[in-house]
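One structure, as structure tokens, below. Some questions next.
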Amino acid sequence: MAVDLGMAQINQLAFGYWQSQVLFAAVRTGVFDALAAEPLPAGPVGDRCGLEAGPALRLLDACVAVRLLTRSADGIYANAGHTQRLLTTGSTESVVRWARVMSRWYEPWGNVTEALRRGGSVEERALRLGDDPAYAEDFILGMHEYNARSADALARSIDQLGARTLVDVGGGAGTYSVAFCRAWDDVRCEVVDLESVVPLTRRTVEDAGFADRVTVRAGDYYRDSFGSGVDVVLLSNVLHQESPAHCLDILRRARAALVDRGRVLVHGHFLDEDRTSPVFTTLHNLSALVLWDGGRSYTTAEMAELMAQAGLTDVREFPAAEPSAKLLIGRTHEATTEGAHP
Ligand SMILES: C[S@@+](CC[C@H](N)C(=O)[O-])C[C@H]1O[C@@H](n2cnc3c(N)ncnc32)[C@H](O)[C@@H]1O
């Protein structure tokens, strides 16, 4: 049904990025870390963040307006509780790296029109995959900060994993491998990711205390084997980076790595058949355009079809823990129990 938007809603769309910039500027200048230990007036916050008093005041007041900071009657600024928890670097729940990556992605997103005209990305993927080490570290560890919040729930949502080996292709920081090990005592995982990523993965896996059950191997998913005799291959948040031809090739090698009764788990964001929902995924689709040459968001049916073409059978769709994400599971064999969860 057509919805009649008023000027207020058009304004909301047009001004939306102003609010994002308040978050990004505060993270980049270190406002929340400056206020982590104690509430302060604007002057000292500006001093710690390298900002003149006037500009500091504008940023801090805007942070109050978007509820990231509070301000007392005598002009003392403090982190809101959620800001202290999520947006300071020392917090165990910090998503500061993720926020820095989103701020970095503002640049390619700012060129979305150019990407649309060109029909391809406007930022080299190599930058975030290792050529710019600080960016690459933020990308891998930022995705970890973001996905760690729902990975345990996803791993636990599978009724009976019944797997001893899981290969996590493009596994990044090992977020999902660690989650599967935490949820399932018998499973051992191998993360396969680019050489530049391996040291970050090792560090995260060790910090989580799973170095004995999660191994890490440098590999290129465009050409390397994913092993043999594997019970489960996991492709989480990976295939939107790739064209249909590359997805098919990756899925075929995933299928080839499996035991007789194996499964491929494809986790990520998929469009509904109308391609206009979920809203987040329509934006994810544009994000894939600006960032990943050849990449795109697939509809659930398109991904299921690619999985079938790769030789997987009985492909089924399950909800995932992260809002608007899904889990597609394909097997080497027909499921024995009708309707059973993976
Ligand atoms: C969006 S991250 C997803 C990480 C993780 N699977 C997750 O869900 O949190 C995409 C991952 O694909 C990896 N990647 C990109 N190109 C690759 C390639 N050619 N071979 C192996 N991994 C690659 C990146 O290094 C990154 O870890």
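The values are calculated or read from the model by the stated rules, or taken from the named source; none is laboratory data. Keep in mind the model is a prediction, meaning the values are calculated, not measured. So basically every Cβ, Gly included, is an ideal-geometry build from the backbone, and we count neighbours across all protein chains shown. The protein model used for the area step is the full one, side chains on, heavy atoms only, and it has no ligands, DNA or RNA in it. Shrake-Rupley method; radii C 1.70, N 1.55, O 1.52, S 1.80 Å.
Each residue of region 53-62 in order: what ³J(HN,Hα) in whole Hz does its phi give by Karplus 6.51 cos²θ - 1.76 cosθ + 1.60, θ = phi - 60°, with x for Gly and Pro?
4, x, x, 4, 4, 4, 5, 5, 5, 5
Same structure, new question: Mean separation of Cα pairs under 8 Å and 6+ residues apart, divided by the residue count of the chain: what relative contact order is that in percent?
Contact order relative to length: 13 percent.
May I ask for the angle, rounded to the nearest 10°, between helix 7-29 and the longest principal axis of the chain, with both axes built from Cα atoms and the value confined to 0 to 90°?
90 degrees
For region 148-331, what is the relative contact order in percent, using Cα pairs closer than 8 Å and at least 6 residues apart in sequence?
So the answer I get is 19 percent.
Helix 96-110: angle to the longest alpha-carbon principal axis of the chain, degrees 0 to 90, nearest 10?
The angle comes out near 90 degrees.
Which shape class applies to region 1-139: rounded if a/c is under 1.5, otherwise prolate when a/b exceeds b/c and oblate if not, where a ≥ b ≥ c are the square roots of the Cα gyration tensor eigenvalues?
oblate
Something else now. Filter the chymotrypsin sites (Phe, Trp or Tyr not before Pro) in region 219-294 to those in DSSP coil with at most 10 other Cβ atoms within 10 Å of their Cβ, and list the result. Mind showing how you got there, number by number?
Values: sites: TYR221, TYR222, PHE226, PHE270, PHE280, TRP292; in loops: TYR221, TYR222, PHE226, PHE270, TRP292.
Answer in residue order: TYR222.
So what are the ³J(HN,Hα) numbers for region 262-268, from phi and the Karplus equation (6.51, -1.76, 1.60; θ = phi - 60°), rounded to whole Hz, Gly and Pro as x?
Coupling constants for region 262-268: x, 9, 10, 9, 10, 10, x Hz.
Let me ask another. Based on the Cα coordinates of region 196-286, what is the per residue volume of their convex hull in Å³? Please report the intermediate quantities before stating the final value.
Numbers: hull volume 12.9 nm³, N = 91.
Hull volume over Cα atoms, normalised by residue count, gives 142 Å³.
Could you give the distance between the Cα centres of region 135-187 and region 280-295, to the whole Å?
So the separation of the two Cα centres works out to 23 Å.
Of the peptides 92-103, 74-85, 253-264, how do they stack up when ordered by the mean number of other Cβ atoms within 10 Å, highest first?
253-264, 92-103, 74-85
Report, in deg cm²/dmol and to the nearest 500, the calculated mean residue ellipticity at 222 nm for the chain, where each DSSP H run with n ≥ 4 adds -39500 (n - 2.57) and the sum is divided by the residue count.
Numbers: 13 runs with 156 residues, N = 342.
About -14000 deg cm²/dmol.
Relative contact order, percent, of region 236-299 when contacts are C-alpha pairs under 8 Å separated by at least 6 residues?
That works out to 45 percent.
Where only protein heavy atoms count, and the probe is 1.4 Å, what is the accessible area per residue for region 153-231 in Å²?
46 Å²
State log₁₀ I(q)/I(0) for the chain at q = 0.10, 0.11, 0.13 Å⁻¹ as given by the Debye formula over alpha-carbon point scatterers of equal weight, solvent excluded.
The computed values of log10 I(q)/I(0) come out as -0.67, -0.80, -1.06.
If you roll a 1.4 Å probe over the chain with all protein chains in place, what percent of the accessible area is carbon or sulfur?
Accessible surface attributable to carbon and sulfur in the chain totals 53 percent.
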